[in-house]
Each structure stands twice: as structure tokens, then as C-alpha cells.
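For reference, the structure discussed in these notes is given below.
The values are calculated or read from the model by the stated rules, or taken from the named source; none is laboratory data. Keep in mind that this is a model prediction, so the values were computed, not measured. We place every Cβ from the backbone using ideal geometry, glycine too, and count neighbours over all the protein chains shown. For accessibility, only protein heavy atoms count, side chains too; no ligands or nucleic acids. Shrake-Rupley method; radii C 1.70, N 1.55, O 1.52, S 1.80 Å.
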Amino acid sequence: MSTNFAGLRLANPIFLASGTCGYADELADFFDLKSLGGLVTKSITLHPRPGNPTPRIVETDSGMLNAIGLANIGLEAFIREKIPLLASLPTAVFVNVAGRTVEEYLAVIERLAPLEAVDGFELNISCPNVKQGGITFGTDPKLIEEITRQAKKAAGVKPLMVKLTPTVTDISAAARAAIQGGADALSLVNTFTAMVIDIETRKPVLANRTGGLSGPAVKPIAVYLVHKVYTEAARPAGIPLLGMGGIRTASDAVEFLLAGASAVAVGTATFIQPDAAVRIRQGLETYCRAHRISHIADLTGALR
């Protein structure tokens, strides 16, 4: 089950997705974090952020809508309070970095890059729930290329993964811009902008009015977008993809790998079943044995 991802040797291709595993300590009581290939922390910004007003999460018939608004403890508290645990994990730790300006992104990456606990970065240019930064960077190929170029310079030898939004006309154009800027890997997809309305009050349920939809409803779309980016941008450039979007089972994970992902991230399923990622890893092992697959990388892009 071991595999190479963006130059890092992983025990297996299963990640926990940013925003769904906190800073890792929240899940440490539910399963052995060593069993994961990697995790992506909650977004870190230069200064602490309270996030959006509540309510900011609502369940739907087939997934979850959230508008957290990048709430986090800020860079210095992250280093002081969370890095010690992360440093003890024998699993790849990517820090998701967000900001209102390019300078804020760079300040966070430059501060964290020298720390051994940090194996790489995920550049969050696709959050749909903030008024500044986030998706405003991720929908313009010129901005994507420029912020990626500067972020990669700040990250140095550590891999930089750029998280893409599905809220664009052509996600492959965004992928090519990130690759042109020097991205070592791409992660996709972030959530889909959506709305839930309370018919009694005739108001949106979320205080932010809109949020990002994740979970089973988005999986077929996410698989399609991973395959599109793999064939049109990532495979020609030799760039690995971290696929995500509604993964609940091992068969879901296999779909993403066949579509072109080199690794997968589990998100919303963790809220329902905290050890979902471990169960998916175990199921993936069973699938590989049953199909006599000796190297997990053999599944990547193996769609017939």
C-alpha cells in the first residue's frame, strides 16, 4: 500500500482532508493516526479568525453544507499548540494555508517551511465561504499561476499542493496555471457552492446564506473532474493528484484512483464515522489482494 506522492514516501494513499480533521488531535482518541498515509490540517492564516456567524453547518439529504469561513487559531498559536503533536506523527502532514492577500499566504509558508513537522503545504485558493482571498484567487488562471509561483518559492524543497475549486468554467485551465506556477501536486475538488432554505422562515439556513456542499452528492462530479484534470493537465506534466469529494468507502477510493488520482482524501465521511479513513484503507487492501495488484500506483489512471 505504500506509494510516492509529490516526492514523499507514504505508508498508504489515504489522507484526511483539510477542514474535517482539525489539527489531528481531535481524532487521536478514535484511531491510531499512524495508520494514515497523510493528513491536511485545518486552514492556517497569519492571524486568528473567528469564522462566519452561526449556524454554519447544515445536513442535506445527500451531504453537508458548510460555511465555516476559515475559522482557525492563527499561525503562532498553531506553532505553539499543535506542532508538537504533528511532529510526533509518522505520517505526512500538509498544512493548508489561506490568506486575504498574497503576502499573508507567503508569511505563513515562510514561517512554517523550516519546521520538520511540516512535510508540505496545500494552498487554499478555493474556499467559497470568505469575502477576501480563497476562491477569488482560484478562479483566475493568471492569479493562480502567480500566487503558486511565489508560494513555491517560499516553500522551498517542501512540496506545494494547490487545491482547485470546481466553481470554474474549465478546471483544467486552473490546473495548468498551477502547474505552470510550479505546483508539485494538485488536490481536487473543494466544495460546491450551494444553499439550503428554511421554508417556514423563508430564509437561508446558514447565516452566510450560502455554503460549500460536500459528501455523497458531489462524488460523481468530483470523479469526472479528477479524470478531466488528470488527462488534460496532470498526466502530461507528471503531476500527482489528491482526489476528494464524497469518498465514504473503499470502492469510492478506487474510483478516484482509476480516474487518475495518486492518493485520496476522506472528508465529510469522518463526521459520520471518525475512523472512516481507516476502514477505507483496509477495504482498499482487500481490493488490491482480490485483484492481485501489488503496487497501488498501478491503479492510478487505469480506467479502461
(message) Rounded to the nearest 5, what % of DSSP beta bridges with both residues in segment 136-252 are antiparallel?
(response) 45 percent
(message) Can you tell me how segment 240-304 classifies by the Cα gyration tensor, rounded, prolate or oblate, using a/c under 1.5 as the rounded cut?
(response) oblate
(request) Just check segment 118-268 against the gyration tensor rule for me: Cα atoms, a ≥ b ≥ c as the square roots of the eigenvalues, rounded for a/c under 1.5, and otherwise prolate or oblate depending on whether a/b exceeds b/c. (result) oblate
(request) Would you please give the FRET efficiency between residue 232 and residue 302, computed as 1/(1 + (r/R0)^6) with r the Cβ-Cβ distance and R0 = 22 Å, to the nearest 0.05? (result) 0.80
(message) How large a share of the accessible area of the chain, in percent, is made up of carbon and sulfur atoms when the probe is 1.4 Å and the other protein chains stay in place?
(response) 53 percent
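Given R₀ = 22 Å, FRET efficiency for residue 169-residue 196 by Cβ-Cβ distance, to 0.05?
0.30
Taking 0.36 nm per residue of sequence separation and subtracting the Cα-Cα distance, how much length would be gained by fully extending the chain between residue 180 and residue 54, in nm to one decimal?
41.5 nm
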(request) Within the set of other residues whose C-beta is less than 13 Å from the C-beta of residue 252, count the net charge using Lys and Arg as +1 and Asp and Glu as -1. (result) +3
(request) Net charge near residue 3: determine it from the other residues with C-beta under 11 Å of the C-beta of residue 3, scoring Lys and Arg +1 and Asp and Glu -1. (result) 0
(request) Could you tell me the distance between the Cα centroids of segment 68-102 and segment 36-65, to the nearest Å? (result) 13 Å
(message) Restricting to DSSP H runs of at least four residues, report the calculated mean residue ellipticity at 222 nm for the chain, -39500 (n - 2.57) per run over all residues, nearest 500 deg cm²/dmol.
(response) -8000 deg cm²/dmol
(request) Quick one: grab the alpha carbon gyration tensor of segment 94-196, order the square roots of its eigenvalues as a ≥ b ≥ c, and give me rounded if a/c is under 1.5, else prolate or oblate depending on whether a/b is larger than b/c. (result) prolate
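Specify, per residue and in Å³, the volume enclosed by the convex hull of the alpha carbon atoms belonging to the chain.
121 Å³
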(request) Provide Rg and Dmax in Å for segment 87-126, with only Cα atoms included in the calculation. (result) 10.7, 33
(request) Count the net charge of all other residues whose Cβ sits under 12 Å from the Cβ of residue 242, scoring Lys and Arg as +1 and Asp and Glu as -1. (result) -1
(message) Suppose the chain between residue 81 and residue 34 were pulled fully straight at 0.36 nm per residue; how much longer would it get relative to their current alpha carbon spacing?
(response) 14.9 nm
(request) With a probe of 1.4 Å, find how much accessible area segment 179-304 has per residue, and write the answer as a whole number in Å². (result) 47 Å²
(request) Just subtract the alpha-carbon distance of residue 116 and residue 295 from 0.36 nm times their residue separation and send over the number in nm, one decimal. (result) 61.6 nm
